[in-house]
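The values are calculated or read from the model by the stated rules, or taken from the named source; none is laboratory data. What you are looking at is a predicted structure, and each value in this text was computed from that prediction instead of being measured. Every residue, glycine as well, gets a Cβ built from its backbone with ideal geometry; the counts of neighbours run over all protein chains shown.
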Amino acid sequence: MLKRKIEQSLTDWKNTANHKPLIIKGCRQCGKTFSVLDFAKKNYKHVVYLNFFENPHYASVFDGSLEIDNIVMMLSALLGSEAVFEAGETVLILDEIQDCPEARTALKFFRIDGRYDVIGTGSLLGVKGYGKEPKSIPVGSETVIDMYPLDFEEFLWANGVGIPVIEMLKKNLETETPVPKALHNRMKQLICQYVVVGGMPDAVQTFVDTKLMSEVLRIQRDIVRSYEDDMVKYAEKKDKSRIRECFWSIPKQLGKENKKFQYSVVKKGSTAAKYAGSLQWIEDAGIISRCYNLSTTELPLDGNAEKDVFKVYMRDCGLFVSMLEDGTQYDILQGNLYGYKGAIFENLIADVFAKMGRKLYYFHKDSGLEVDFVIRYKGECTLVEVKAATGNAKSAKTILRHPEKYHVNSAVKLGDYNVGRAEQILTLPLYMAFLLRAF
């Protein structure tokens, strides 16, 4: 069974006095239901489970009075012995809660009542055009946690790399000393595997159990197709084709020399006015992350972001690679990368940073200066250059030579390196990106 960080978040929530009902948000098939049910079975005497996607008729329970005793009575009548409600001992799980807006509204009343814990999960909460909005979102009556596919650290756990090894890597980073060769080579292998497998639980488990990349690819492409099905099923009629066009333009957008997202690449002559809402739909579904250009390299980064100039990355790097042509996985694992190498490894670092909860930023000027990412690291504005192998960080060096203009004093170069430093530039192996904490 895959160990997930959400387990600790769920435990912390349960151990918080007077905790509110909990909502777990995340893209489809990232492991929400499995993690919540596993936690519930380990921590409660009684688990009452409703899946509104598989059983739409369950929504009728919430059609009438939302008084808690009435809901409990209705559920007991509907589920029989599967619905046992005991104060302090029962958790009610409302899976795919976006399919029952009234259940979301009811969270306010469960919060006031306080006898039973409630956990809702949702894949398309807040997606424009979904058509099922609660009469009133229970602001102040729920706690919301975002859940992602497995991040690189969870992928390491799944592949037998434990906490002592990760602590050793942290020490190498802190002391800026090279990672021992045997461990370095193993970690390089694992980061390449993560690039092609990504973090969707079914793909990761299949990889761990079988190492069959053909089967991993089949699973990933099935997931991509399920996302397309959602676009067709849930989006407004006028947006369906536009959303799919935006989605399938992502590899083309990242394959360009200038990776800025351009609506004209989606369809010749198209504009933001026509396609911006379609792109927003994909982002709200948890499938992509935007990386905003900065007008200047200063903290706070969000305050300097240009909201209409951005790059788009897939939230999961494995799904991105699955959208490319057959043979790409083999090329990555063999280290043979051609036109897409920059896009693939940039998407890897976007995946790592986004799953850490970071917002994504980059810096581009018409003069030719371009830095792949800009982050807060150790409390300072820091440039991050990503190299598929090794390479020169020309733009970063130019910026660092002019602190009076750019207000930056440090940079990180991620690539096929061991740990090292050249003046203001810290060089790190790609696999250490997940250790770059804000403070």
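General observations
- Top-ranked residue of region 101-122 - restricted to ones that are closer than 22 Å to Ile6 by Cα and either of a type in the set (A, V, I, L, M) or not assigned by TED's automatic domain parsing to the domain that holds Ile24 (or both), ranked as farthest from the chain's Cα centre (by Cα): Leu107
- Count of residues meeting criterion [within 20 Å of His46 (Cβ to Cβ), in contact with a Lys or Arg (Cβ under 9 Å, 6 or more places away or on another chain) and either assigned to a loop (DSSP other than H, G, I, E, B) or outside the structural domain of Pro21 (by TED's automatic domain parsing) (or both)] in region 63-100: 6
- Scope region 396-436; condition under 13 Å from Val384 (Cα atoms) and in a loop (DSSP other than H, G, I, E, B); matching residues: Val408, Asn409, Ser410, Gln424, Leu436
- Counted residues, region 246-262 - those being in contact with a Leu (Cβ under 8 Å, 6 or more places away or on another chain), under 18 Å from Asp372 (Cβ atoms) and assigned to a helix (DSSP H, G or I): 1
- Members of region 175-230 found to be surrounded by 19 or more Cβ atoms within 10 Å (Cβ to Cβ) and outside any helix (DSSP H, G or I), listed by number: Val179, Gly198, Gly199, Met200
- Among the residues making up region 352-395, those that are closer than 19 Å to Leu426 by Cα and either in contact with a Pro (Cβ under 8 Å, 6 or more places away or on another chain) or without any contact (Cβ under 8 Å) to a residue 12 or more places away in the chain (or both) are Asn392, Lys394.
- Some residue of region 294-303 being closer than 29 Å to Leu400 by Cβ and assigned to a helix (DSSP H, G or I): yes
- The single condition among (1) over 30 Å from Ser395 (Cα atoms); (2) at pLDDT below 95 that Ser322 does not meet is (2).
- Count - residues of region 362-381 that are crowded, with 22+ Cβ neighbours inside 10 Å and either assigned to a loop (DSSP other than H, G, I, E, B) or more than 19 Å from the chain's Cα centre (by Cα) (or both): 4
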